[in-house]
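Q: First, the structure itself, so that you have it in front of you.
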Amino acid sequence: MYDFQEKTVYSMAQAKNGNVWLGTSNGLYRFDGMDFKKYVYPNYEIEYSNIKIDQFDRVWCSNFSGQLFCVEEDSLKVIIDESYDQELIANYYIVSEDALYYTSHNKSIIHLDLNNNSETVVFSVGKYRCISDSFQKDNEIIFTEVRNSKDVTVRTITLHTLDINNSNISPLDSFQIELYSSKEFAGSLEDKIFYIQNHVSQNLCLIGANNHYCKSSPDFSNQEVNNFLSLNDSVLFMLGVSGTYQYKLHQDSLIKTKWSNLKNSSNLLIDQENNVWISTLDRGVFIQTNNAITATLIHPSESIRKVKQLGNGKYAYLTDESKLYLFTANGPTLIQKDVNPNFNIGYNHYDSTILLPSTDDYYDLSAAQFKTKAFTNYFKHLHPIDEGVCLLTGERLDLVSMDKNYNMNNLGYRLHLKKSPETEYFEAIATVKRSNLITEEGNKNHLYVMFTDGLVHFTKDKEEETMYYDGKPILASAMHSDSSSGIWVGSNTGLIHRIQDGIITQTFDVGSNLLDIQGTDSLVYGLTNVGILRLDISSGESTLINQYDGLLEEEITKIYIENDSLLIWGEHHLQKLPLTYDKTNPIAPRVSINQLSINEEPVKLSENILLGPDENNIEFQFNSLGIKSRKGQIYHFRIKELSDQWEQTSYAAPFARYSQLSPGSYTFELKACNEDGVFSEVKTFHFTIDKPMYQKWWFITAVVLVVLTTLFLLVRYRMSVLRKQNVLEKEKESLKKQTYKSKITAIRAQMNPHFMFNALNTIQEFIVTNQGNVASEYLADFADLMRKYLDQSKEEEISLQEELETMEIYLRLENLRFDNQLDYKIDIKGDIDTYATTIPVMLLQPFVENAIKHGLLHKEGQKKLTISVFNSSNELTIEITDNGIGREASSRINQKKQRKHESFASSAIEERIQLINQTSPHKISIHFDDLMNQSQQPSGTKVTLTIKQSA
């Protein structure tokens, strides 16, 4: 079994998770459907027996040196150690999670509290008494007390019950029996109690209840019994040296049925898939995957080559050692040696004779002896026609009869026979074509012979005809005539034909070449290279029966239908399958995850396992203890957080791998499907892959806090620096503004004396020329102008209105100097609030002065000067236009005269504008236009001041 090497197996049990535990002479083993794991406890006896699985799915076992063990954390733990008293633990019963009872060979029943390991003796026996056997039934332990009397041939058996809830003991019954040197067994069967004494020469069984016990001597085949086992209180199995027998209760008697031929069997287990496990004391463990299929070992050392059904449960077969056997209910009997094992066996059921090719001997089944026949023809197949009459296939198709005067007209079909006159018996040749298979319908009116070129039908009403299907001749590989009229034909193209009266009535495509065929009115069985095909005629559905359904893994030689069973002849065994067998496996597989590997390293399985962030390459290995459907199972698995779709893998690759999983919580789901589509329950495994430290909330929070703190400190530091810089900048700006203001003031200081000098010269000129009235008027305006200058000297900016009023006074003074020849005008265009609009103080005066001194002074004729003010968008535009000589002519005059008293310099004006732009919210730009007349001669100058108003 699965390469299990242990030969001596005492005990077996199956846990709820499907694992099978085996107690052997060399350790305790666990089988998980794929592998065996061995358990031993160091320095103790390693022969383990009496395995039990309690209601908490804990595994218990005992050995032969007084220890009781429990499997905890995947290793053996000693619970009871009686080795120092040299006592054996005969039996034990787990009654709760923390308590048990056990019987020892010191004639005691002891209660053990597993919490504190305290023991209480609840029953003991004295001299000449012992506790022979015990068993548990519901909440009671029933045990037998044996008392030997002074009369050594008689012993008294007393049955006691022990209430496991309170340890109360009550006598149940008592009876006397003869004293044997024997093994004793006790148990329950159909609510009755049995007590068995077994001895190789005599057996005793007491069965009964309520003080009524019947004594019987059951047939235990006079063998040594290794074990009695009661399954579900309905069937008693006896496991012994000669095999396994099944006993059922019938009117206080045990009715025996041979159940298995396995020698020296010791224990029996029917697992969750209804497979039968039989352990032996010298050959290991055998598994029968189908209770419906029984197997009988015919020849362990010879291989069966040819088989022929004889009827009434009898068969003839040839082995590879050239021996011919007759098989009956009593087993095989050798009837002839030195027979070619490649010969087919012929049988004539009309006269019960077994015939072999190329020999003059035949076996008379009725007389049970060999006799001599007249003909020695070789044949491949023999088809009986009547007593002593046969059709033979081979190199040709022959009809032979032991009666030399056989009448060929007795045949129910037309054969063109050519009689051979030379023989001492009747022989006629039907055809010289090579022939093979042959059969006829039950009414004997239709004969079918397979020739090399196809299947030929013979009947009386017409000539022979080759049978065709789909335009091609039928090449039969197997034929069988059933009980009704008609035959079944299997072809080498995977077709099965039903033929009646020479007509194909049904055809089924089964897809496999048929080596043999047997059929009934409702079922057809075909032998193929991969198993036995079962065809339901009514539905047309076919199923394959093979080793996964319980057939032995050996070559099948022949199949026959006998009564209500299909007999399957193999190399060494005869297997029997009921025709009513339903191969559907309704048992759901039990799937389990048996190994978890992280980064290719196995780890201990634990629920809700937490893995590190780099432990994200995961492999699950799993299996299912599905013996029957082991290789037909399909595993379905998924991690539902990754996909809703189920992936699949076969039994040959029972693992699932996931690589580079992201951090998070996952649920691995697994289920198995057997060969008939029955699914197991979904097995789940939860695990979590932890996030890296840098992805954890506390780390992120800490980093954020650190970053925020750092930013806060940096911002705070930066703000401090900026504040200091701002203070410095403000101080610097203040100093700069003060410097600019000082420069502007200095420039303005230069402007005022310059103007005052020119004005005083003009007043002096008026006085010298006796123009006192003009001088007085001029002096009054000059005083007003000086007062305005003094008032404005404290301001940075003044209203446009004030500036224009100052220019009005200034131009009046200049007009007096020009003897009223200066035509000036101040023009305000548009809707301009001159009082609200501000400009830098003394902005226009230098430009007006330059227009007069450089442009109009040298102008002959009428002198004009216009100041135009208008608003555009967010800009204030002031144009100063004169009709003087122009800048170019003025520049030439200035260069020639090199006058000592110049008007205010243009460089000073530009410097002042730059200083104003740097210190004032007003941004001022200057543009000069040289005006030309129609003759392109200079006709004046226009200065445009554009002042961008602050918002």
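The values are calculated or read from the model by the stated rules, or taken from the named source; none is laboratory data. None of these values were measured; they are calculated from a predicted model. Here the Cβ positions follow ideal geometry from the backbone for every residue, glycine too, while neighbour counts run over all protein chains shown.
Q: Tell me, please, whether a residue that is in contact (Cβ under 8 Å) with a residue 40 or more places away in the chain, part of a loop (DSSP other than H, G, I, E, B), at positive phi and not basic (Lys, Arg) can be found in the stretch 884-894.
A: yes
Q: Do you know which of the residues in the stretch 538-564 that are among the β-branched types (Val, Ile, Thr) and under 20 Å from Asn513 (Cβ atoms) is surrounded by the most Cβ atoms within 10 Å (Cβ to Cβ)? Explain how you work it out, then say what you get.
A: First, pick out the residues of the stretch 538-564 that are among the β-branched types (Val, Ile, Thr): 543, 545, 556-557, 559, 561.
Going one step further and asking which of them are under 20 Å from Asn513 (Cβ atoms), we end up with 543, 545, 556-557, 559.
Working: Thr543: 15, Ile545: 20, Ile556: 21, Thr557: 19, Ile559: 23.
The selected residue is Ile559.
Q: Does Tyr350 satisfy the criteria of being under 23 Å from Tyr448 (Cβ atoms), in contact with a strand residue (DSSP E or B) (Cβ under 6 Å, 6 or more places away or on another chain), in a loop (DSSP other than H, G, I, E, B) and in the same structural domain as Glu441 (by TED's automatic domain parsing)?
A: Here the answer is yes, as Tyr350 does meet what is asked.
Q: Residue by residue through the stretch 251-260, note down the ones that are part of a strand (DSSP E or B), over 14 Å from Asn291 (Cα atoms) and not hydroxyl-bearing (Ser, Thr, Tyr).
A: Hits for the stretch 251-260 are Leu254, Ile255, Lys256.
Q: Also, I was wondering about something else. Please go through the stretch 3-50 and give me each residue that is of a type outside the set (Ser, Thr, Tyr), free of Cβ contacts under 8 Å to residues at least 60 places away in the same chain, farther than 20 Å from Ala672 by Cβ and not in a loop (DSSP other than H, G, I, E, B), ordered by number.
A: Scanning the stretch 3-50 gives Trp21, Gly23, Gly27, Leu28, Phe36, Lys37, Lys38, Asn50.
Q: Conditions: (1) hydroxyl-bearing (Ser, Thr, Tyr); (2) in contact with a Leu (Cβ under 7 Å, 6 or more places away or on another chain); (3) under 23 Å from Thr289 (Cβ atoms). Tyr548 meets all but one. Number of the miss?
A: All conditions pass for Tyr548, except number (2).
Q: Another one. Which of (1) in a loop (DSSP other than H, G, I, E, B); (2) more than 51 Å from the chain's Cα centre (by Cα) is the odd one out, the single condition Phe327 does not satisfy?
A: (1)
Q: Do we have Leu551 as under 30 Å from Gly313 (Cβ atoms) and outside any strand (DSSP E or B) here?
A: In short, yes.
Q: Do any residues in the stretch 860-871 that are within 20 Å of Glu803 (Cα to Cα) have Cβ atoms under 6 Å from those of residues that are hydrophobic (A, V, I, L, M, F, W, C), where the two are at least six apart or on different chains, and which pairs are they?
A: Partner pairs satisfying both residue conditions: Leu865/Ala851; Ile867/Ile826; Ile867/Ile880; Val869/Ile828; Val869/Ile878; Asn871/Ile832.
Q: Looking for whichever is farther than 25 Å from Tyr347 by Cα and either out of contact with any Phe, Trp or Tyr (no Cβ under 9 Å at 6 or more places or on another chain) or assigned to a strand (DSSP E or B) (or both) here; the options are Ile499, Ile504. Which one fits?
A: Only one candidate qualifies: Ile504.
Q: Looking at the stretch 357-370, which of its residues are without any contact (Cβ under 8 Å) to a residue 12 or more places away in the chain and either in contact with a strand residue (DSSP E or B) (Cβ under 6 Å, 6 or more places away or on another chain) or not in a strand (DSSP E or B) (or both)?
A: Tyr362, Ala367, Ala368
So that you can scan it fast, the table gives a plain yes or no per residue for (1) under 24 Å from His105 (Cβ atoms); (2) under 48 Å from the mean Cα position of the chain (by Cα); (3) modelled with pLDDT under 80:
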{"residue": "Lys150", "(1), (2), (3)": "yes, no, yes"}
{"residue": "Leu172", "(1), (2), (3)": "yes, no, no"}
{"residue": "Ser181", "(1), (2), (3)": "yes, no, yes"}
{"residue": "Gly208", "(1), (2), (3)": "no, no, yes"}
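Residues are listed down the side, and each one gets a yes or a no for (1) at pLDDT 85 or above; (2) over 30 Å from Asn585 (Cα atoms); (3) among the β-branched types (Val, Ile, Thr); (4) more than 17 Å from the chain's Cα centre (by Cα):
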residue	(1), (2), (3), (4)
Asn616	yes, yes, no, no
Phe622	yes, no, no, no
Leu625	no, no, no, yes
Gln633	no, no, no, no
Ala672	yes, no, no, no
Thr701	yes, yes, yes, yes
Val706	yes, yes, yes, yes
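Q: Sticking with this structure for a sec: Please determine, by comparing only the residues of the stretch 684-699 that are hydroxyl-bearing (Ser, Thr, Tyr) and surrounded by 10 or more Cβ atoms within 10 Å (Cβ to Cβ), which one is farthest from the chain's Cα centre (by Cα).
A: Here the residue is Thr688.
Q: Among the candidates Lys248, Lys263, which residue alone is at pLDDT 75 or above and either of a type in the set (Ser, Thr, Tyr) or part of a strand (DSSP E or B) (or both)?
A: Numbers: Lys263 fails: either of a type in the set (Ser, Thr, Tyr) or part of a strand (DSSP E or B) (or both).
Checking each option against the conditions leaves just Lys248.
Q: Among the residues of the stretch 615-623, are any out of contact with any Phe, Trp or Tyr (no Cβ under 9 Å at 6 or more places or on another chain) and not β-branched (Val, Ile, Thr)?
A: Yes, the stretch 615-623 contains a residue that is out of contact with any Phe, Trp or Tyr (no Cβ under 9 Å at 6 or more places or on another chain) and not β-branched (Val, Ile, Thr).
Q: Separate question: Where residues in the stretch 502-537 are surrounded by 14 or more Cβ atoms within 10 Å (Cβ to Cβ) and among the charged types (D, E, K, R), which of them is nearest to Thr459 (Cα to Cα)?
A: Asp516
Q: Within the stretch 305-321, is even one residue assigned to a strand (DSSP E or B), within 47 Å of the chain's Cα centre (by Cα), of a type in the set (Ser, Thr, Tyr) and buried (at least 18 other Cβ atoms within 10 Å of the Cβ)?
A: no
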